[in-house]
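In what follows, a single structure is set out as structure tokens and then discussed.
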Amino acid sequence: MAAFLTSAGWGDAHQHPLPGDASTRRYIRLEKGGDRAMLMDAPAASEAPVCPPEASPSERAALGYNAVARLAGSNLVAFAGLADALCERGFSAPRVLASDIAAGFLLLEDLGDDLFARLLPGDLHEGTLYAKAVDVLAAIYRSSLPPQVEREGESWPLLAYDDTALMAEADLFLDWFLTRHAGVELDETARADWHAIWGRAFERLQHCAPGLVLRDFHAENLIYLPDRKGEAEIGLLDFQDALIGHPAYDLVSLIEDARRNVERKLAVPLKARFVEQAGITDAAGFDAAYAVLGAQRNAKILGIFVRLAVRDGKQRYLELLPRVARHFVADLQHPALMPLHMWVKSNAPQVFAEAHK
């Protein structure tokens with residue numbers, strides 16, 4: 001790390017490590033002579049292998065969860081290449097100032113501390129900020145991207161957010177929330193029904209042109225940059241796991257935030273704003289897809305938060321379960337998810353109890 005920083009001209013900078021998050025990466029803020037930058041340290045062997053572009057579902061399963069769910073893991077080409085592509089299109093991803101992909105280091109533009117999560121509630125109007133974020137999402141959806149991004153002569157493919165990945169994420173609800181948190185062991189029939197119901201639900205995602213899905217678009221990954229204009233006014237973080245999929249996914253991430261309560265009355269106008277800005281012609285179909293992806297994402301997060309607590313010792317994530325459960329239960333009210341609603345009532349009533357905490 002010292003050699004990398006010296007070669008980049010930041011060897012004598014003051015270092016301020018940032019608190020850790022749910023990933024294996026760490027971040028260090030650098031300060032030197034009034035300038036600031038951010039060091040990303042992502043050890044190359046810290047996570048399971050990633051997904052080869054042509055791998056079958058069984059081959060992905062053999063490689064592990066990162067390959068099944070198409071996560072980038074510690075591959076810095078994904079982050080750096082996507083950052084370059086987003087910046088080239090006028091979005092405010094952190095500019096990559098220097099990189100050593102093999103060693104696992106990126107030196108990034110420091111976009112500051114004005115995260116949505118820190119600014120709200122406060123002097124800024126929540127609806128105004130969230131409307132700006134929706135406009136950025138719509139602009140990203142309208143953007144064309146190459147089939148792969150590159151950095152230091154290496155490439156990273158922008159793969160499809162396919163049913164295999166979506167199902168693997170939904171299964172985290174069974175394996176961690178139900179089994180490890182609620183103490184429920186499902187029989188094979190219940191599991192088979194769960195998969196069949198989701199398979200039919202995912203069919204509703206086929207009726208909209210796919211676009212870039214950042215997969216973690218929420219208040220703790222969005223930075224307000226008032227000195228910039230248009231789409232550049234919103235800084236973007238944590239997008240290395242991006243895939244090509246249905247545009248409702250990131251909108252769900254924004255509105256059904258796992259970490260903060262978004263004003264309920266904003267949901268309808270924000271969805272309508274996105275539909276208009278993105279040029280979606282089937283508003284009802286989009287709304288059904290939004291409910292499907294909302295349920296899928298919240299089921300996944302319920303599982304992930306339990307996994308973080310049980311496996312990784314990060315107990316604070318259990319405090320967030322009731323909010324996520326409320327989002328999940330609300331998504332189940334959509335007519336498109338009636339079969340899933342009935343399955344949950346029969347097999348996982350504990351999630352309703354969690355939602356009422």
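Since every read-out is calculated from the coordinates, none of them should be taken as a lab result. As the structure is a computational prediction, the values presented were derived from the model and not from experiment. In this analysis, Cβ positions are derived from the backbone assuming ideal geometry, glycine residues included, and neighbour counts consider all displayed protein chains.
222 nm [θ] for the chain, helices only, -39500 (n - 2.57) per DSSP H run of 4+, per residue, to 500?
Numbers: 14 runs with 152 residues, N = 357.
Taking each H run of at least 4 residues, the total per residue is -13000 deg cm²/dmol.
Subtracting the Cα-Cα distance from 0.36 nm times the residue separation, let me have the gained length for Lys229 to Leu18 in nm, one decimal.
Extra length available between Lys229 and Leu18 comes to 73.2 nm.
Short version: ³J(HN,Hα) in whole Hz for each residue of the stretch 61-68, in order, from phi by Karplus 6.51 cos²θ - 1.76 cosθ + 1.60 (θ = phi - 60°), x for Gly and Pro, what are they?
3J(HN,Hα) across the stretch 61-68, in whole Hz: 4, 5, 7, x, 5, 4, 6, 5.
So for Glu203, Glu188, Glu126, fewest C-beta neighbours within 10 Å to most, what's the order?
Values: Glu203 10, Glu188 7, Glu126 17.
Lowest to highest Cβ neighbour count: Glu188, Glu203, Glu126.
Using Cα centres only, tell me the gap between the stretch 52-83 and the stretch 218-271 in whole Å.
The distance from the Cα centre of the stretch 52-83 to that of the stretch 218-271 comes to 23 Å.
How high is the FRET efficiency between Ser143 and Ala196 when r is their beta carbon distance and R₀ equals 41 Å, given to the nearest 0.05?
That pair, Ser143 with Ala196, gives E of 0.70.
Please list 3J(HN,Hα) in residue order for the stretch 291-297, calculated via the Karplus relation 6.51 cos²θ - 1.76 cosθ + 1.60 where θ = phi - 60°; whole Hz, with x for glycine and proline.
Listing the rounded values in order: 5, 4, 6, x, 5, 5, 5 Hz.
Give the calculated FRET efficiency between Ala48 and Thr128 to the nearest 0.05, with a Förster radius of 41 Å applied to their Cβ-Cβ distance. It would help to have the intermediate numbers written out before the result.
On the way: r = 41 Å, r/R0 = 0.99.
In this case the efficiency is close to 0.50.
Kindly put Ser74, Ser143 in sequence by how many other C-beta atoms sit within 10 Å of each C-beta, fewest to most. Walk me through the numbers before you get to the answer.
Numbers: Ser74 22, Ser143 16.
Exposure proxy ranking, most exposed first: Ser143, Ser74.
Of the listed values (i) 33, 23, 21; (ii) 26, 25, 22; (iii) 43, 24, 17, identify the label whose number matches semi-axes √(5λ) of the Cα gyration tensor in Å calculated from this model.
Checking each listed value against the structure points to (i).
Can you list residues from other chains, or at least 5 along the same chain, whose modelled amide H is less than 5 Å from the amide H of Leu97?
So Leu97 has HN proximity to Leu107, Leu108, Glu109.
Kindly state, to the nearest 0.05, the FRET efficiency for Arg180 paired with Ser7, given R0 = 30 Å and r defined as their beta-carbon distance. Spell out each step's value before the answer.
Details: r = 45 Å, r/R0 = 1.49.
With a Förster radius of 30 Å, E is 0.10.
Extension gain Asn261-Leu63, at 0.36 nm per residue separation less the Cα-Cα distance, in nm?
That pair, Asn261 and Leu63, stretches by 67.6 nm at full extension.
For the stretch 295-357 and the stretch 90-155, what is the centre-to-centre distance using only Cα atoms, to the nearest Å?
28
Which of Cys51, Cys208 comes first, and how do the rest follow, when ranked by fewest Cβ neighbours within 10 Å? Write down the numbers at each step before the final one.
Working: Cys51 23, Cys208 19.
Sorted ascending by nearby Cβ count, the order is Cys208, Cys51.
Using modelled amide H (1.01 Å from N, peptide plane; none on Pro or chain starts), what sits under 5 Å from the amide H of Gln148, excluding residues fewer than 5 places away?
Leu158
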